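Here is the structure we will look at, set down as structure tokens.
The values are calculated or read from the model by the stated rules, or taken from the named source; none is laboratory data. None of the values given here were measured: they were computed from a predicted structure. Every residue, glycine as well, gets a Cβ built from its backbone with ideal geometry; the counts of neighbours run over all protein chains shown.
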Amino acid sequence: MDPKLKALIEQTNLDDLLPQASREMDLQQPVAPPEPAKPQPARSTGDALQVHFGGTDMVGKLANAPTSGRVKTFAMVLFGGPTIVFGLLLLGMVWTDPAKPAFARACGTLIALLLVGIWPYLLFRKREKPQP
């Protein structure tokens with residue numbers, strides 16, 4: 001061995017440089033139970049069913065007076081467009097089949113008109129302002 005290398009090894013504390021032999025970990029330790037899930041905060045609303053219908057909040061806000069006409073028209077196309085098209089197709093199906101009984105035509109017409117008219121009513125109605 002080279003004398004310079006031997007002198008360097010004698011001067012160096014190898015215990016500080018080399019890692020200690022790792023002790024075996026005891027894997028049989030008790031595990032802490034998981035924290036209970038936090039309950040979701042209750043909504044502050046007077047309408048109990050509104051908790052289940054999140055879209056009613058959005059549509060209700062769209063019908064308020066400060067909402068611009070452009071936003072309402074965009075919502076009408078986005079939400080009402082497919083519903084109105086489906087309602088008109090249903091109305092066409094009801095009235096083009098001559099073999100349908102009168103009761104089926106009346107029910108089909110009522111459902112189709114409801115589908116066509118629900119979104120314009122919800123979006124463009126004049127809502128009352130809450131009294132302070």
Point to revise | helices (runs of 4 or more DSSP H) completely within region 6-76 that count 1 or more residues being modelled with pLDDT of 75 or more, under 30 Å from PHE124 (Cβ atoms) and among the hydroxyl-bearing types (Ser, Thr, Tyr) | key: 69-75
Review point. Has region 79-95 got at least one residue that is among the polar types (S, T, N, Q) and modelled with pLDDT under 80?
Key: no
